[in-house]
Amino acid sequence: MLATQSNLNIAISGLVMASKDKNIDINGNQGRIRQENEKRILEAAERVFADNGFRGATTAAIAEAAGLPKANIHYYFGTKEKLYRTVINDIVELWLSSFREITAEDDPASTLADYIRAKMELSKNRPEASRVFANELIRGAPRINEYLSGDLKAWVGRKANILDTWIEQGKMAPIDSTKLIFHIWAMTQTWADFEVQWSALLGNAEGLTDADFEDATNSIIVTVLRTCGLMPIPSRKTSTELPLSI
């Protein structure tokens, strides 16, 4: 009798553990599916918003581009407005993270050259992201104006303070650091925002090539470093896909 009760207890324990494992597996699968669907929706939304702007984009078009039911858009993100803000937030986070944390002890030439390389990589590999942001600004930034004058301004201020310290230390020529950061954005993002124009000017009917981006990257680095009195070109300090040839 005792043996039978013991076996029964073991069997019950096994069923309980199996049930827990099954729940963990189900929850794990659900979490993975959610992540995959959200990623598909965000990638599709970036393309649709880049092509049509916020007003012209529809959740139906985004769902079609993602290959998912329209109901999934509303299930994961609620409204088109919330989805758009998520896309914008991801773009801004991507851009800001490309300018690594810097200190007054860092080398100005290597730091600026690596930042330009990273920004050009983004223009090459994520052109739609840049166009979404540009479209928002062209329309007066109605949905991110508060962010521009708040968090982004503070971020630029922190980076500019480091550049100003380099200037005070005699590591680079005097220059308006805030405008320098903005000029780097303009010079790098134009290769995404106006890719059609650049392709036409360079005679590339099929679009910009890797060589075009490499040449453009070199040109921007030379322009910025010469302006800052930081020639010659330093070797890269971070790993980026785009090779540098001077």
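Here the condition is being of a type in the set (F, W, Y) and surrounded by 16 or more Cβ atoms within 10 Å (Cβ to Cβ); of W198, W185, it holds for W198 alone. For segment 111-125, the set of residues classified as surrounded by fewer than 19 Cβ atoms within 10 Å (Cβ to Cβ) and more than 12 Å from T188 (Cβ to Cβ) consists of N125 only.
Would you tally the residues in segment 178-200 being more than 20 Å from the chain's Cα centre (by Cα) and among the hydroxyl-bearing types (S, T, Y)? Total meeting the criteria: 2.
Scanning segment 65-96 for residues that are surrounded by fewer than 16 Cβ atoms within 10 Å (Cβ to Cβ) and either of a type in the set (F, W, Y) or over 19 Å from A129 (Cα atoms) (or both) gives G67, P69, K70, A71, H74, Y75, G78, T79. Selection of first residues in segment 126-153 that are in the same structural domain as W191 (by TED's automatic domain parsing) and of second residues that are surrounded by 12 or more Cβ atoms within 10 Å (Cβ to Cβ) and part of a loop (DSSP other than H, G, I, E, B), restricted to Cβ pairs under 7 Å at least 6 apart or on distinct chains, gives the following pairs, ordered by first then second residue: E136/R143; E136/I144; L148/A141.
Please specify each residue of segment 129-150 satisfying the condition of being under 25 Å from I221 (Cβ atoms) and buried (at least 19 other Cβ atoms within 10 Å of the Cβ). Matches in segment 129-150: A129, S130, R131, F133. Taking the criterion of being in a helix (DSSP H, G or I), surrounded by fewer than 18 Cβ atoms within 10 Å (Cβ to Cβ) and either modelled with pLDDT of 90 or more or of a type in the set (F, W, Y) (or both), the only residue of segment 97-110 that qualifies is S110. The set of residues in segment 51-95 that are in contact with a helix residue (DSSP H, G or I) (Cβ under 6 Å, 6 or more places away or on another chain) and under 29 Å from R158 (Cβ atoms) comprises Y84, V87, I91. Among the residues of segment 223-237, those that are modelled with pLDDT of 95 or more and within 26 Å of the chain's Cα centre (by Cα) comprise T223, V224, L225.
The values are calculated or read from the model by the stated rules, or taken from the named source; none is laboratory data. Fair warning: this is a prediction, and the values are worked out from it, not measured in the lab. A quick note on method: Cβ atoms are made from the backbone with ideal geometry, for glycine too, and the neighbour counts reach across all protein chains shown.
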